[in-house]
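Asks: Supplied in structure tokens, the structure appears directly below.
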Amino acid sequence: MDDSKAHLTESIGETAHPTTQSAVASPAAPELANLLTHEDVDRARDRWEVARARSKGGRFKKIANVRLLWLLVGPGVLVFLGENDAPSMLSYSADGSRFGIGFFIPFVVLTFVMGFIVQEMTVRLGAVTHRGHAELIFDRFGKFWGFFSMGDLVLGNFLTLITEFIGVRAGLGFFGVRPSIAVGGALLIVVAAITTGRYWTWERITLSLAIFNGLFIPAAILARPDWHAVGHAMVTWMPLPHGNRYEILVMILATIGATVTPWMLFFQQSAVVDKGMQPRDINAGRFDTALGALLAAVFAIAAILATTPLFHHGINAADFQGAQFAEALEPLIGHLGAALFALGIFEAGIVAAIAISTSSAYAFGEVLQTGHSLNRPLREAWPFYLTLLGSASAAAALVLLPRFPLEFVVLTVNVIAVLAMPPALAFLLLLVNDPEVMGEHVNGFWANVAGVTVTILLICAGLGFGLATVFPKWLGG
């Protein structure tokens with residue numbers, strides 16, 4: 001057997017369904033071709049390329065390693081840049097416009113460290129089990145918790161999808177684009193991305209769109225921030241935010257919710273499975289996740305810095321929408337800077353709409369045990385694609401209703417995400433500590449310390465918000 005055939009056999013054996021794996025293990029099985037599905041073949045092609053890159057040595061080893069990373073990078077970058085969505089970027093902008101350079105810059109870095117801790121566990125779960133998050137909850141904890149987790153996720157995702165299309169409408173509104181055209185065009189982009197019939201193609205298209213989250217960097221540079229103050233804030237976390245303590249608590253919760261949310265768990269684990277990643281790919285998956293967290297943190301801080309001129313000029317951004325942020329920034333950072341900011345909000349909404357609707361479709365397919373892969377054609381997985389397109393279309397239609405309160409919805413969605421996160425993390429920690437599920441890749445001591453610490457912090461944040469809501473006078477609300 002030549003190297004190419006060996007790689008293909010390894011690839012099919014790694015990624016195919018259990019019945020197909022048995023056939024591959026028996027070279028004499030004549031029915032192999034009949035057992036292979038469209039999903040198996042597409043994923044095997046991707047794994048073949050990975051196996052070829054991994055097998056390269058000699059003087060081409062460094063090039064092969066770079067190619068290997070390129071082939072394996074994707075879910076981690078997408079999940080974090082997808083979470084840098086329209087409401088998240090507007091939450092970061094609200095931090096900068098209300099409190100300037102100070103506490104929220106290092107705090108954002110901390111939230112992305114928390115995000116990496118959580119998402120690294122989903123990489124291991126997906127690579128070891130080859131099953132999505134909703135499917136594992138359904139199998140390990142029963143139908144009730146399986147349907148509960150899916151319902152909670154789909155509802156939260158739908159509310160978030162509404163804010164993504166609001167961001168699309170608001171971002172293009174700066175350029176005078178009519179809402180119906182902006183939202184309709186965005187929906188067409190979502191449709192185009194998901195109907196390729198190939199996970200790899202979908203992933204590369206979405207990554208190409210996601211990198212434009214970096215538009216906030218030139219916008220921040222044009223805002224001419226005090227870099228000495230930025231460095232001081234990173235080291236000292238000063239100055240602390242001043243003002244209404246209830247408002248500050250809501251902003252802190254919204255900032256956490258802009259970084260760590262339940263949909264991320266379901267999306268990345270399912271994407272790892274759809275990509276066909278294996279236990280040997282876990283280190284590459286960690287790199288992918290760390291790269292995504294780093295890029296997203298830099299872009300988030302850029303959004304804060306881009307809007308600090310509003311703080312310095314005493315402009316109240318409490319009721320700003322996306323286009324209004326850009327319009328208010330225009331006389332302070334110029335038309336180019338404001339245009340980049342508006343385009344950044346538009347991009348953030350598009351990428352998140354693709355990722356979040358896909359997350360809902362993954363969970364729906366996993367729990368109901370129907371086809372749930374972007375490697376499957378429409379005729380084989382129509383419930384998956386119907387869920388994906390249906391949720392995006394319904395959210396887009398609602399956004400065209402007049403007088404949608406963007407700022408309120410944005411903050412509320414992020415706060416809800418914080419309150420929903422502890423139960424999701426509890427399931428995650430139970431799964432990664434289950435030897436029957438994880439084998440040798442079960443959580444170690446320090447991974448548990450980090451995971452439990454993040455969970456406790458989120459529980460405390462949720463309880464703090466609940467107490468402040470019931471007893472607002474305690475915080476001067």
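The values are calculated or read from the model by the stated rules, or taken from the named source; none is laboratory data. Just so you know, these numbers come straight off a predicted model, no measurement behind them. Glycine gets a Cβ as well: all are built from the backbone with ideal geometry, and neighbour counts include every protein chain shown.
Asks: Only one of these is under 23 Å from the mean Cα position of the chain (by Cα), under 24 Å from Ala394 (Cβ atoms) and among the charged types (D, E, K, R): Arg178, Arg169. Name it.
Replies: Values: Arg178 fails: under 23 Å from the mean Cα position of the chain (by Cα).
Just one listed residue meets the conditions, Arg169.
Asks: Something else now. Among the residues of the stretch 68-88 satisfying the criterion of being at pLDDT 90 or above, part of a helix (DSSP H, G or I) and among the small types (Gly, Ala, Ser), which is farthest from the chain's Cα centre (by Cα)?
Replies: Gly76
Asks: Looking for something at pLDDT 90 or above, within 19 Å of Met89 (Cα to Cα) and crowded, with 22+ Cβ neighbours inside 10 Å - is there at least one such residue anywhere in the stretch 186-194?
Replies: Scanning the stretch 186-194, I find at least one residue that is at pLDDT 90 or above, within 19 Å of Met89 (Cα to Cα) and crowded, with 22+ Cβ neighbours inside 10 Å, so the answer is yes.
Asks: Looking at Ala392, Ala361, Ala397, Ala348, which one is touching a Gly at 6+ places or on another chain (Cβ under 8 Å) and either surrounded by 24 or more Cβ atoms within 10 Å (Cβ to Cβ) or more than 30 Å from Phe311 (Cβ to Cβ) (or both)? So that I can check it myself, show each step before the final result.
Replies: Values: Ala392 fails: touching a Gly at 6+ places or on another chain (Cβ under 8 Å); Ala361 fails: touching a Gly at 6+ places or on another chain (Cβ under 8 Å); Ala397 fails: touching a Gly at 6+ places or on another chain (Cβ under 8 Å).
On inspection, the qualifying residue turns out to be Ala348.
Asks: Gly126: of a type outside the set (A, V, I, L, M, F, W, C), closer than 13 Å to Ala271 by Cα, in contact with an Asp or Glu (Cβ under 7 Å, 6 or more places away or on another chain) and surrounded by 24 or more Cβ atoms within 10 Å (Cβ to Cβ), yes or no?
Replies: On the way: of a type outside the set (A, V, I, L, M, F, W, C): yes; closer than 13 Å to Ala271 by Cα: yes; in contact with an Asp or Glu (Cβ under 7 Å, 6 or more places away or on another chain): no; surrounded by 24 or more Cβ atoms within 10 Å (Cβ to Cβ): yes.
Answer is no for this residue.
Asks: His312 passes all but one of (1) out of contact with any helix residue (DSSP H, G or I) (no Cβ under 8 Å at 6 or more places or on another chain); (2) surrounded by 23 or more Cβ atoms within 10 Å (Cβ to Cβ); which number fails?
Replies: For His312, the failing item is (2).
Asks: Okay, moving on. Which residues, taken from the stretch 205-228, are in contact (Cβ under 8 Å) with a residue 24 or more places away in the chain, of a type in the set (Gly, Ala, Ser) and in a helix (DSSP H, G or I)?
Replies: Scanning the stretch 205-228 gives Ala210, Gly214, Ala219, Ala220.
This table checks each residue for (1) touching a strand residue (DSSP E or B) at 6+ places or on another chain (Cβ under 6 Å); (2) closer than 23 Å to Ile354 by Cα; (3) surrounded by fewer than 24 Cβ atoms within 10 Å (Cβ to Cβ); (4) in the same structural domain as Ala297 (by TED's automatic domain parsing).
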site	(1), (2), (3), (4)
Gln119	no, yes, no, yes
His130	no, yes, yes, yes
Ala134	no, yes, no, yes
Arg140	no, no, yes, yes
Gly151	no, yes, yes, yes
Ile166	no, yes, no, yes
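Asks: Looking at Thr201, is it at pLDDT below 85 and either of a type in the set (Ser, Thr, Tyr) or outside any helix (DSSP H, G or I) (or both)? Can you show your working first?
Replies: Numbers: at pLDDT below 85: no; either of a type in the set (Ser, Thr, Tyr) or outside any helix (DSSP H, G or I) (or both): yes.
So Thr201 fails the test.
Asks: Give the number of residues within the stretch 190-212 that are touching a helix residue (DSSP H, G or I) at 6+ places or on another chain (Cβ under 6 Å) and of a type in the set (Gly, Ala, Ser).
Replies: Residues that pass the stated criteria total 2.
Asks: Look through Val250, Val272, Val298, Val260 and report the one residue that is of a type in the set (Val, Ile, Thr) and farther than 20 Å from Val77 by Cβ. Give the steps one after another, and end with the answer.
Replies: On the way: Val272 fails: farther than 20 Å from Val77 by Cβ; Val298 fails: farther than 20 Å from Val77 by Cβ; Val260 fails: farther than 20 Å from Val77 by Cβ.
Every option except Val250 fails the conditions.
Asks: Let me ask something else. From Val183, Val154, grab the single residue that is at pLDDT 85 or above and among the β-branched types (Val, Ile, Thr). Before you say what the answer is, go through the steps one by one.
Replies: Values: Val154 fails: at pLDDT 85 or above.
None of the others qualify; the one that does is Val183.
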